[in-house]
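The values are calculated or read from the model by the stated rules, or taken from the named source; none is laboratory data. Keep in mind that what you see is a predicted model, and the values were worked out from it rather than measured. Please note: Cβ atoms are built from the backbone with ideal geometry, for glycine as well, and neighbour counts cover all protein chains shown. Only protein heavy atoms, including side chains, enter the accessible area calculation; ligands, DNA and RNA are left aside. Shrake-Rupley method; radii C 1.70, N 1.55, O 1.52, S 1.80 Å.
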Number of protein chains: 2
Amino acid sequence: MFVNSMPRYEILSADALAVLDRGWQRIVTEVGVQFDHPEAIALFRSAGQKVEDADVVKLDPEFVMEQVAKAPREFDVQARNPERSVHIGGDQMSFGAVYGCPFVREGNERREATMSDFRRLTMLSQHFDELDSAGGVICEPNDVPLDSRHLDMTLALQTLTDKIYMGNVVSGPNAADSIRMSEIVFGGREQIEKTPVMLALINCNSPLRWDSRMLDAQFEYNRAAQPTVLTPFLLMGAMSPVSVPAALAQQMAEALAAVALAQLIRPGCPVIFGSFLSNIDMQSGSPQFGTPESAVGLLSTAQIARHLGLPFRTGGGLTSSQTADAQAGYEALMTLLPTFLAGTNWVMHAAGWLEGGLVSCYEKFVIDIELLRMLRKTFTPLEFDEESLAFGAHVEVGHGGHFLGAAHTMERFRDCFYRPLLSSSSNFERWTRLGAKDAAARATEIYTKVLDEFEPPPMDESIRAELDDYVNRRRRELGD
Amino acid sequence: MFVNSMPRYEILSADALAVLDRGWQRIVTEVGVQFDHPEAIALFRSAGQKVEDADVVKLDPEFVMEQVAKAPREFDVQARNPERSVHIGGDQMSFGAVYGCPFVREGNERREATMSDFRRLTMLSQHFDELDSAGGVICEPNDVPLDSRHLDMTLALQTLTDKIYMGNVVSGPNAADSIRMSEIVFGGREQIEKTPVMLALINCNSPLRWDSRMLDAQFEYNRAAQPTVLTPFLLMGAMSPVSVPAALAQQMAEALAAVALAQLIRPGCPVIFGSFLSNIDMQSGSPQFGTPESAVGLLSTAQIARHLGLPFRTGGGLTSSQTADAQAGYEALMTLLPTFLAGTNWVMHAAGWLEGGLVSCYEKFVIDIELLRMLRKTFTPLEFDEESLAFGAHVEVGHGGHFLGAAHTMERFRDCFYRPLLSSSSNFERWTRLGAKDAAARATEIYTKVLDEFEPPPMDESIRAELDDYVNRRRRELGD
């Protein structure tokens, strides 16, 4: 967790916010939001909202904002190691690794992701303090059975890390398994309801439609008071109009409708205003990441979420690049630097994202960790006081001299500046002598060493046994 | 030139600015600034400033600020193609290419720069509209004689581009040559004094010392009313204390002393508050670029310059990386994105910088152009109005549909989003079919095509002949 005490960079005028408010209100009133879920429809209906065509809810904006007001502005999420617990909201920023990739890339090899990759990437997430979580689906382990895969993933997240994690959302029963396994680790339902222990990503089938399986999962998590990250999935040009203001208004309509549902399911349950907003290449239809439009959308989303009084998710180390090259570096920072300017509370895909999210890349993981380290330092305010002016050093060094040996320098040289994890400033001769390795090659060395030396965090043996029992029993029940 | 109408990102409190004001005032009063130039000393002395040890001026801060107030807040610089003229100051941002590199990198080859490289890199600068200038020493052409090299460079800048350029600053006579050649192009001394035609980079031999050769050049340019970019050269840990506030106060002391001198030489002559501020690696002594400290220094410098009422220079596509890799991409953006947040008026090293400024890199040049294009788009404010909400598209598409064929999309798909120059979002199969080229390899294709197709901008034949005559005569006089 990082406390971002620097100013926010806000780009929307009060007029622009008013336009967006009129925009989402008109959408929910006149077009409505589709909920493919009879129980959700029943809840909206009994709360007095108009339902048309069986599953389209025409929402009253005032009702929506009444529901939104029930959601906490900030909340805690406990990790099994209390030092890793986080606070979501306010100036706090928390970071999870990449989520949902069917492939991995390691060096020049791109392959289907496996459970071994899942574990190795989870171990990297545990190692680096810049991450508060491995996320939930750090890659899609295609070598283990689909029906019970969520058990393997959740067990890995719970045992290889002592950080917070994300619950499975593929179905209601999967969500129930995530919740039950969390009860085992944290000492029962009451404990996890008191202070939540995981986040769950609920994506909209944008435009304006929430699907049944995701909603089943949302019901499970909201009932258990676990925070849901309610996220419109907007690639402008495909899932929203080709206009940033239109996408922002749609994003408000979709997210706020789901927040209202969450508050109907369990008033006061924690939610996160989610954003996943980029655009497609209008020539090829490919998604593009790290674009100007996504940066502007990100900064705007932050301001909108503060305007609505909700903690929010956006950002990450996003890129379209196919390899850990210059494009991967600049596109990732083109998303991560605005993420810090925005003060995003919950950042998914903060490490390892490659190729538009199809690939979890080991090298890119290390690159992103370097970016997070640099940005944490950049967004840590400096002290400006008499001492910081180091006037004595000027008296000591005088005109045209150098400060290398000055007393002020000698007292501070160890930690006065950011020290890179990955970046090299070696001179050309030394760099050549060391093998002329580019950043990707150096990243390989870094993650290989981390994995070689990895020790899993300790866990109570009886808890571990109970988890294993649960997973084995459920696996049998699921026929895997 | 780019007009940055987005908000500035300001990180210094009023208290911090007051601390910095006390800081520079104490330095100029108690330590003083050394000017290795009898004429400069005489000017300060006759203006009532105290001189010690023959060349150290103890400045009265009030006197300094009186001189600073004589400098214009904004000014024009004319290019020989009036469409390429720029305005320095206010919301305007202008960009020049990398400056001063003894080496070039092209693909995997790193070699001593030649005059052919100088011309080729100048041609790239002419081609890309994101650059307002090739700068001045886009690389150091080591295959032509030292004494007359400035003539070759200036001629190349004047003939291969029709943009503004930078004058030579190696010595007073070199500066005089740059001025005389500009008189030829622009129709005489009176014309260039009326509206300046070039910038000149005057670096401080930090800490607190301005050297004779640079000052000789400054005198020439100030007398001719050409703007000087008065730049403290601060690698914290070597040329300044290991503290950002201390470096900022020193930067103010050094730059403001030189601004005062400029106004004594020619009251009202245009100046730019210059900043070149990064840090060294305290383990190896190597300079580091694209660091958190440099980003914070950059943002602070912008605010300081506005506080002082001076146009300013900072930023660029800086990196320590030895090759056009992920590090080069993220470090360049780690400097360029803050450059836009700061609204920098004059940006040097905006394209082509590699390896701490030792290398002009062709591939990196194209990478930086892509970054400038992305940032120009990002920092162009959006319209938020009813039309931008595209409500009709929602009515047309409904729930769970897609916007690919919507009327709103069809009307706008050609230019609704940023279209990359270099970045690829091709799917993996297509990218592989195209040769699995990373960003650096694609950059090679881009600059090769630009150079193959390059046509120099037209120039009046009689001007061209007069320039050639001047260069040939001066070359003979210099014995080359």
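Here is how the number arises for the protein assembly as shown: DSSP H runs of 4 or more residues each give -39500 (n - 2.57), the sum is divided by the residue count, and the result at 222 nm is -14000 deg cm²/dmol.
Ordered by 1.4 Å accessible area with all protein chains kept, B:His349, A:His127 run largest first as A:His127, B:His349. Computed on protein heavy atoms with a 1.4 Å probe, the accessible areas place A:Asp468, B:Asp368, A:Asp415, A:Asp460 in the order A:Asp415, A:Asp460, A:Asp468, B:Asp368, largest first. Computed over the stretch B:212-350, the alpha-carbon pair-distance distribution with 5 angstrom bins reads 2, 11, 20, 21, 19, 14, 9, 4, 1, 0, each value a whole percent.
Each peptide in A:48-57, B:246-255, A:437-446, B:182-191 was scored by the mean count of other Cβ atoms within 10 Å over its residues; highest first, the order is B:246-255, A:437-446, B:182-191, A:48-57. The mean count of C-beta atoms from other chains within 10 Å of the C-beta of residues in A:133-146, rounded to a whole number, is 0. Sorted from shortest to longest, the distances between the B:Glu461 label points of this copy and the other copies are 9.7 nm, with each point 7 Å from Cα along the line through the beta carbon.
Rg/Rh for the stretch B:146-239 (Cα atoms only, Rh after Kirkwood) is 1.01. Relative to the longest principal axis of the Cα atoms of chain B, the long axis of helix B:115-127 makes an angle of roughly 60 degrees. For B:248-261, what's the mean count of beta carbons from other chains sitting within 10 Å of each residue's beta carbon? Per residue, the number of nearby Cβ atoms from other chains is 1 on average.
Entry comment: accessible area of the stretch B:331-480 is 43 Å² per residue, from protein heavy atoms only and a probe of 1.4 Å.
The C-alpha atoms of chain A define a longest principal axis, and helix A:212-223 lies at about 80 degrees to it. Backbone phi angles across the stretch A:158-170, fed through the Karplus curve with coefficients 6.51, -1.76 and 1.60 (θ = phi - 60°), yield HN-Hα couplings of 6, 9, 8, 10, 10, 9, 5, 9, 10, x, 6, 10, 5 Hz in residue order; Gly and Pro are listed as x.
What are the semi-axes of the equivalent ellipsoid for the stretch B:1-133, taken as the square roots of 5 times the Cα gyration tensor eigenvalues, largest first, in whole Å?
38, 24, 18
Once a ≥ b ≥ c are taken as the square roots of the eigenvalues of the Cα gyration tensor of the protein assembly as shown, is the result rounded (a/c under 1.5), prolate (a/b larger than b/c) or oblate (a/b not larger than b/c)? Prolate, since a/c reaches 1.5 and a/b exceeds b/c. With distances taken between every two different alpha-carbon atoms, chain A has a Kirkwood hydrodynamic radius of 23.5 Å. Per-residue mean of foreign Cβ neighbours for B:435-442 is 4 (Cβ atoms of other chains, 10 Å radius). The three principal axes of the Cα atoms in the stretch B:187-265 give end-to-end lengths of 48, 21, 19 Å, sorted in falling order.
Rolling a 1.4 angstrom probe over the protein heavy atoms with all chains in place gives the stretch B:136-243 an accessible area of 24 Å² per residue. Shortest first, A:Arg213 label-point distances to identical copies amount to 7.1 nm, with the label point at 7 Å from Cα along Cα→Cβ. Accessible surface buried at the A:B interface totals approximately 9400 Å², computed with a 1.4 Å probe on protein heavy atoms.
Closest approach of a chain A Cβ to the axis relating A and B (residue, whole Å): A:Gly329, 2.
On full extension, the segment bounded by A:Glu83 and A:Arg213 gains 43.4 nm, given 0.36 nm per residue less the C-alpha separation. Dividing the mean sequence gap of close Cα pairs (under 8 Å, 6+ apart) by how many residues the stretch B:134-194 holds gives a relative contact order of 30 percent. The stretch A:414-439 and the stretch B:219-268 have Cα centres separated by 31 Å. Computed extension length for A:Glu30-A:Leu404: 127.8 nm, one decimal, from 0.36 nm per residue of separation with the Cα-Cα distance subtracted. Keeping all protein chains in the complex and leaving out DNA, RNA and ligands, what accessible area do you get for A:Tyr99 with a 1.4 Å probe, in Å² to the nearest 10? The accessible area of A:Tyr99 comes to roughly 30 Å².
In the stretch A:321-348, the residues whose accessible area drops by at least 20 square angstrom when the other protein chains are added to the isolated chain are A:Gln322, A:Thr323, A:Asp325, A:Ala326, A:Gln327, A:Gly329, A:Tyr330, A:Leu333, A:Met334, A:Leu337, A:Leu341; the probe is 1.4 Å and only protein heavy atoms count. Which residues among the stretch A:372-408 fall inside the zone where the amide N is under 12 Å from a point 7 Å beyond the Cα of A:Asp415, along Cα→Cβ? Output list for this probe position: empty. Compared with the dominant principal axis of the Cα atoms in chain A, helix A:439-452 is inclined by about 70°. Using C-alpha pairs below 8 Å separated by at least 6 residues, the relative contact order for the stretch A:107-172 is 39 percent.
When DSSP beta bridges are limited to those with both residues in chain B, what percentage is antiparallel, rounded to the nearest 5? Provide the component values of the computation, followed by the final result.
Details: 19 of 45 bridges.
If we restrict to bridges inside chain B, about 40 percent are antiparallel.
Phi angles across the stretch B:415-420 convert, under the Karplus curve 6.51 cos²θ - 1.76 cosθ + 1.60 with θ = phi - 60°, into 3J(HN,Hα) values of 9, 6, 10, 4, 10, x Hz, Gly and Pro given as x.
With label points defined 7 Å past Cα in the direction of Cβ, position B:Arg473 shows copy-to-copy spacings of 10.0 nm, given to one decimal and shortest first. Here the accessible area is traced with a 1.4 Å probe on the protein chains. For the protein assembly as shown, carbon and sulfur cover 49 percent of it.
The alpha carbons of the stretch A:281-391 give a radius of gyration and a Dmax of 16.1, 59 Å, in that order. Taking all protein chains together and a 1.4 Å probe, the residues A:Thr380, A:Thr314 rank A:Thr380, A:Thr314 from largest to smallest accessible area. Label positions at B:Asp480 and B:Glu39, each projected 7 Å from the Cα along the C-beta direction, are separated by 2.3 nm.
Between A:Arg189 and B:Leu434, the distance separating the two model label sites (each 7 Å from Cα on the Cα→Cβ line) works out to 5.4 nm. Residues whose amide H falls under 5 Å from that of A:Phe312, counting only those 5 or more places apart or on a different chain, are A:Phe273, A:Asn345, A:Trp346, with hydrogens built in the peptide plane. Simple spin-label estimate for B:Glu396 and A:Ala18 gives 2.9 nm between the two label positions (7 Å along the Cα-to-Cβ direction from each Cα). Could you work out the local net charge near A:Pro420, counting Lys and Arg as +1, Asp and Glu as -1, over the other residues with Cβ closer than 11 Å to its Cβ? Counting the neighbours of A:Pro420, the net charge comes to +1. If R0 is taken as 25 Å, the Cβ-Cβ distance between A:Met115 and A:Ser426 corresponds to a FRET efficiency of 0.10. For B:Asp76, the amide hydrogen comes within under 5 Å of the amide hydrogens of B:Ile88, counting only partners 5 or more places away or on other chains and with H modelled in the peptide plane.
List the equivalent ellipsoid semi-axes of the stretch A:101-190 in whole Å, largest first, each obtained as the square root of 5λ for an eigenvalue λ of the Cα gyration tensor.
Equivalent-ellipsoid dimensions as semi-axes: 23, 17, 9 Å.
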